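Here's the structure we're looking at; comments come further down.
The values are calculated or read from the model by the stated rules, or taken from the named source; none is laboratory data. Fair warning: this is a prediction, and the values are worked out from it, not measured in the lab. Cβ coordinates were reconstructed from backbone atoms using ideal geometry, including for glycine residues, and neighbour counts include every protein chain displayed. Note: areas computed on protein heavy atoms with side chains; ligands, DNA, RNA excluded. Shrake-Rupley method; radii C 1.70, N 1.55, O 1.52, S 1.80 Å.
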Amino acid sequence: MLLVKDAEAIIFNLLQPLDQKQDIEVVDLLNGHNRILANPVISRLDFPHWDNSAMDGFAVRYGDVKEARAENPIILEVVEEIPAGYQPKITIQPGQAARIFTGAVMPAGADTVVMQERTRWEENRVFILAAPQFQEFVRHQGDFYQGGNELLPSGTRLTATEIAVLGAVQCNKLSVFRRLRVAIFSTGDELVTPEQSLQPGQIVDSNQLALAALVRELGGEPLMLGIVKDDPKALGEIIQYAIAHADLVLSSGGVSVGDYDYIDGILASLGAEIHFRAVQMRPGKPLTFATFPNVLYFGLPGNPVSALVSFWRFVQPTIKRLSGITEGYKPMWMKVRSRSELKSNGKLETYICGKLHLIDGVYEFHQAGGNHSSGNLINLTQTNALAILPVGTTLVSPQQEVLILALRY
Ligand code: AMP
Ligand code: MG
């Protein structure tokens, strides 16, 4: 059976991100939050925009004050006061200084700022009590960024910090990739919606809700296609609809080897290329990955824990990459100490739901408290990380290190 890493390699090799020419929208700065840049950003503005002071103090000519000492202060004439936002009018001549405040524009003639703590002043005279360094406390125009250069590369996900930077250089309109369209449906005669009254033998379709929420968290646009009966005709119709309307299709259920598991056969009959049907992992062994021209298809297992573990392991990086993210789309691994005893049969790569706790500044993995059956979705409420036991490992004892997949990004 296919190893997890080989399944991942097959998927990653087939990922074609959205088209940089066709799939672009222009949005305002704030609406760019969590979107992905489709073009590099280049501003015409330098940052800082002007030479300015990093301190409250006095703008001086270094040559005037380089010998200053507390016992032998240099006395300068203060010719102007420059608060932030004010444009200086006077060129500083030898023997002169300007009162200046943090962020205010440096006056012509001055090259250095003496912080006010190293001065004493009265009326229009300042006593410089210590020699500064040349150009000390001056932030020069373009020190942090020079206009005309690439500021952010295409493929950057815009968080609060990037929004601030883009605002600072007045990039108010942003070219971002459109949201990835992800069709989602659930299969099974036993499924009902949360609103429908529950009859004996039925079960609520929780997978569709979870998958839609996960797609949204990743910046995608879920297209919820509902519940489909275990009926080849209905399944064929919904799959055709999904591939015509989405970039990525997620179904859950119907991919095992039971009598009612039709998905793989229907995909094949519709001309999909099926890359694999199972992966050597638990939970999540039945997993179908197929491609149509321009559309990827994941047939996730029906069990809620299996469906989500498969999503986190394979679909989450896929959505990030297809959406246009170029760096950091791959799973986020960490090595942490396990608080719990973790067990596996050693035959399948085993994913264990649990939570990262910060204990004295160090992350620890705590296994979720309930039964670890793949049908126990209640355990998901305690999960923000998955511990992974590779094939061949049957036990991780408390206090031992374990590899984990962090689920928040
Ligand atoms: P299947 O993969 O179709 O054989 O389903 C495996 C198990 O997962 C069965 O117990 C199903 O009732 C359950 N299941 C399937 N689909 C869903 C769903 N959408 N939401 C919650 N449970 C499901
Ligand atoms: Mg089923």
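Amide H to amide H under 5 Å from residue 42: which residues, 5+ apart in sequence or cross-chain, H placed 1.01 Å off N in plane?
151
Please arrange 333, 50 by accessible surface area, largest first, computed with a 1.4 Å probe and ligands excluded.
Working: 333 100, 50 150 Å².
Order by accessible area, largest first: 50, 333.
Accessible area of residue 237, 1.4 Å probe, to the nearest 10 Å²?
100 Å²
To the nearest 10 degrees, how steeply does helix 4-14 sit against the main Cα axis of the chain, on a 0 to 90 scale?
Once rounded, the angle reads 70 degrees.
What shape does segment 333-402 have by the C-alpha gyration tensor, where a ≥ b ≥ c are the square roots of the eigenvalues, rounded means a/c under 1.5, and otherwise prolate means a/b greater than b/c and oblate the rest?
Since a/c reaches 1.5 but b/c is at least a/b, the shape of segment 333-402 is classed as oblate.
Which value, in Å², gives the accessible area per residue of segment 52-139 when a 1.4 Å probe is used on the protein heavy atoms?
With the other protein chains kept in place, segment 52-139 gives 52 Å² per residue.
Rounded if a/c is under 1.5, else prolate if a/b beats b/c, else oblate: with a ≥ b ≥ c from the C-alpha gyration tensor eigenvalues square-rooted, which is segment 289-361?
Details: a/c = 2.86, a/b = 1.51, b/c = 1.89.
Oblate shape, in that a/c is at least 1.5 and b/c is the bigger or equal ratio.
Dipole of the chain (Lys/Arg Cβ +1, Asp/Glu Cβ -1, origin at the Cα centre): which of 100, 392, 161 lies farthest to the positive side?
Final value for the positive-end residue is 392.
How far is helix 232-245 tilted off the main Cα axis of the chain, in degrees rounded to 10, range 0 to 90?
With both axes taken from Cα atoms, the answer is about 20 degrees.
In the full protein assembly as shown, how much of residue 14 is accessible to a 1.4 Å probe, in Å² to the nearest 10?
Counting only protein heavy atoms, residue 14 exposes about 60 Å² to solvent.
Relative to the compact-globule scaling 2.2 N^0.38 Å, provide the ratio for the alpha-carbon radius of gyration of segment 52-139. The partial results should precede the final answer.
Details: Rg = 11.2 Å, N = 88, 2.2 N^0.38 = 12.1 Å.
So segment 52-139 has a normalised radius of gyration of 0.92.
Expressed as a rounded percentage, what relative contact order does the chain have, with Cα pairs under 8 Å and six or more residues apart? All intermediate terms of the calculation are to be shown ahead of the outcome.
Details: 946 pairs, mean separation 62.0, N = 409.
Normalised by residue count, the contact order of the chain is 15 percent.
Ordering 269, 340, 251 by accessible area with a probe of 1.4 Å, largest first, what comes out?
Heavy-atom accessible area, descending, gives 269, 340, 251.
Using a probe of 1.4 angstrom, how much of the accessible area of segment 15-110 is carbon and sulfur, in percent?
Numbers: 2570 of 5190 Å².
Carbon and sulfur: 49 percent of the exposed surface of segment 15-110.
Obtain the nm distance between the two label points defined at residue 19 and residue 168 by a simple spin-label model: each point lies 7 Å from its Cα along the Cα-to-C-beta direction.
For residue 19 paired with residue 168, the spin-label model returns 3.7 nm.
In debye to the nearest 20, how big a dipole does the chain give about its Cα centre with +1 on each Lys and Arg Cβ and -1 on each Asp and Glu Cβ?
Values: 35 positive and 43 negative charges, 125 e Å.
Dipole of the chain, to the nearest 20 debye: 600 debye.
Just report the Cα centroid separation between segment 98-144 and segment 339-409, whole Å.
57 Å
Taking the convex hull of the Cα atoms, report for the chain its projected area averaged over all directions, in nm².
Mean shadow area of the hull around the Cα atoms is 27.8 nm².
With every protein chain kept in place and ligands, DNA and RNA left out, what is the accessible area per residue of segment 333-402? Probe 1.4 Å, answer in Å². Each step should come with its number before you reach the end.
Values: 3650 Å² over 70 residues.
I get 52 Å² per residue for segment 333-402.
How many angstrom lie between the C-alpha centres of segment 224-299 and segment 18-96?
After rounding, the separation between the Cα centres reads 57 Å.
How would 366, 33 rank on accessible area, largest to smallest, probe 1.4 Å? Write out the running numbers ahead of the final one.
Numbers: 366 40, 33 95 Å².
The ranking, largest first, comes out as 33, 366.
Could you work out how far helix 206-217 tilts from the main Cα principal axis of the chain, as a 0 to 90 degree angle to the nearest 10?
Around 20 degrees separate the two axes.
Taking the Cβ-Cβ separation of residue 34 and residue 134 as r and a Förster radius of 41 Å, what is the calculated FRET efficiency to the nearest 0.05? Show your work: numbers first, answer last.
Details: r = 44 Å, r/R0 = 1.08.
After rounding to 0.05, the efficiency reads 0.40.
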